[in-house]
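A short worksheet on the structure shown next.
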Amino acid sequence: MKKIKLLPIASVFLCQHTQAADAGAMENARKALEGALVAQEASLRALKAAYTSLNEPGSEAQVNAMKAAEAAAADARIAAEAVRPLVEITASAQVPKQSPMVQAPPAKSLDLQSNAKSVPTIAGMIKAGQANSTASLSVTLPNYGNEENVGKNRFQQFTLSAPVGKTSGPTKLGTLDGLADSAKIQYSFTQRQISDLDRPDGASWAFGLAPEVGSKKFTYNDASTYTEKEVTRTPYGLTLGASYQFGESLPLLFARYAFQRKYEDSKSKVLCRPNAEVIECIQGPVGEPQRKTSRILTMGARYQGGWYALNPTINYDHVSKVKGVDLPIYLFGASEKKPSALSGGIGAGWRSDNHDFTFYVFVGSPLEFWSLW
């Protein structure tokens, strides 16, 4: 007896039919599929009859059953060939939409499998403390250079920041940032990659760097002339960062290492010079500002809850041996379920050099969960 091979038409079509986008092509493919299924059912019935007549080899019933099976199989192959071009047309008509059975990535997850470039975003932040306040403005260029690297996201960001109003002294933050009280510009580059492309909500890691340069004016007293002078200095720095998240809804862990060349006021003294009638005295920093170096290691975590977010950091300067702690608490605009145009909250910091606590409030753009800076 001949062996008749039947094409698995239904399974082949259904596999490719999920990619159909054009309505007309889909209708034609549906009709062709119905014809192919009818032909295959007839082939199956004829084949069943041929197997049933095996107990009568050479009989007229077996011969007729074999002829019917061969004819039905031929009709099935013809129907399959008719379906094939329609399936190819519908498959190439449009990129397939996401299947309803596949869950979309969580709100805070980035679309790491997309190579489409995103629109630049502009964000701002105002941070007001007990003695010092700062304002910043940043422009982010996401998905930069991500044409061929599926599973990666690259970001460029330019940030301008400056102290607001008069300050009562050098900014002493728990972050130990030596350029916080300078007008500065920072450029940052970050690349984030998902560990497993089949699990967009799984583990991911990121790394980046951020050079910065600032400008700050200093006023000091000249001990030789007993006059007040003004000078401008240019601090600068470079920060390297990396982060890792084990999975969705788990805290993000990050680390940074910053090298900074900064300037600080000289020690304040009282200078007096006698003249014929009175003694004139001036008080303030004596001598030009002093250049200092910082090497700051930062370890931190970021957690985004239902309506709040935490971003604690522990900082250590290897040069001055100063330790610092900073804890911003986002009280609004940090929810995953309710996106907001603004975020804000309160924060506290502590430093080991003066043992003082600082408290501040902040209002600005939404929390950037994956930011290293």
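The values are calculated or read from the model by the stated rules, or taken from the named source; none is laboratory data. Since the structure is predicted, the reported quantities are computational estimates derived from the model, not experimental observations. In this analysis, Cβ positions are derived from the backbone assuming ideal geometry, glycine residues included, and neighbour counts consider all displayed protein chains.
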For the range 217-257: of the residues being of a type in the set (Gly, Ala, Ser) and over 39 Å from the mean Cα position of the chain (by Cα), which is farthest from residue 178 (Cα to Cα)?
224
Only residues that are acidic (Asp, Glu), part of a strand (DSSP E or B) and modelled with pLDDT of 90 or more: list them for the range 276-288, please.
none
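Out of 302, 291, 261, 273, report the one residue that is among the basic types (Lys, Arg), outside any loop (DSSP other than H, G, I, E, B) and within 27 Å of residue 368 (Cα to Cα).
On the way: 291 fails: within 27 Å of residue 368 (Cα to Cα); 261 fails: within 27 Å of residue 368 (Cα to Cα); 273 fails: within 27 Å of residue 368 (Cα to Cα).
Within the list 302, 291, 261, 273, the selection yields 302.
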Residues (buried (at least 17 other Cβ atoms within 10 Å of the Cβ) and out of contact with any Phe, Trp or Tyr (no Cβ under 9 Å at 6 or more places or on another chain)) located in the range 249-263
258
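Of all residues in the range 347-366, which are within 15 Å of residue 302 (Cα to Cα) and either more than 25 Å from the chain's Cα centre (by Cα) or surrounded by fewer than 20 Cβ atoms within 10 Å (Cβ to Cβ) (or both)? Don't jump to the end; show me each part of the working.
Taking the range 347-366 and keeping what is within 15 Å of residue 302 (Cα to Cα), we get 347, 366.
Within the range 347-366, 366 is the sole residue that qualifies.
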Kindly evaluate residue 330 against the criterion of being aromatic (Phe, Trp, Tyr), in the same structural domain as residue 159 (by TED's automatic domain parsing), more than 19 Å from residue 243 (Cβ to Cβ) and modelled with pLDDT of 90 or more.
no
Quick one: residue 325 ticks every box in (1) closer than 15 Å to residue 367 by Cβ; (2) aliphatic (A, V, I, L, M); (3) in contact (Cβ under 8 Å) with a residue 60 or more places away in the chain except a single one, so which number is it?
(1)
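Table: residues versus (1) exposed (fewer than 15 other Cβ atoms within 10 Å of the Cβ); (2) more than 18 Å from residue 287 (Cα to Cα); (3) out of contact with any helix residue (DSSP H, G or I) (no Cβ under 6 Å at 6 or more places or on another chain).
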site	(1), (2), (3)
219	yes, no, yes
222	yes, no, yes
227	yes, no, yes
230	yes, no, yes
233	no, no, yes
237	no, yes, yes
Given the structure, is residue 309 more than 21 Å from residue 184 (Cβ to Cβ), buried (at least 16 other Cβ atoms within 10 Å of the Cβ), touching a residue at least 40 places away in the same chain (Cβ under 8 Å) and among the small types (Gly, Ala, Ser)?
yes
For a quick check of your reading of the model, give me the residue pairs whose first member lies in the range 194-220 and is closer than 22 Å to residue 240 by Cα and not assigned by TED's automatic domain parsing to the domain that holds residue 266, whose second is modelled with pLDDT under 95 and part of a strand (DSSP E or B), with beta-carbon atoms closer than 6 Å and at least 6 apart or on different chains.
none
Taking only pairs six or more apart or across chains, which ones have beta-carbon atoms under 9 Å, a first residue in the range 169-181 that is closer than 10 Å to residue 349 by Cα, and a second residue that is polar (S, T, N, Q) and at pLDDT below 80?
172/132; 173/132
Residue match in the range 334-343 (condition: under 19 Å from residue 177 (Cβ atoms) and touching a strand residue (DSSP E or B) at 6+ places or on another chain (Cβ under 6 Å))
no
Flag for residue 343 being surrounded by 14 or more Cβ atoms within 10 Å (Cβ to Cβ), assigned by TED's automatic domain parsing to the domain that holds residue 238 and touching a residue at least 24 places away in the same chain (Cβ under 8 Å)
yes
So, residue 249, is that one of a type outside the set (D, E, K, R) and farther than 30 Å from residue 373 by Cα or not?
no
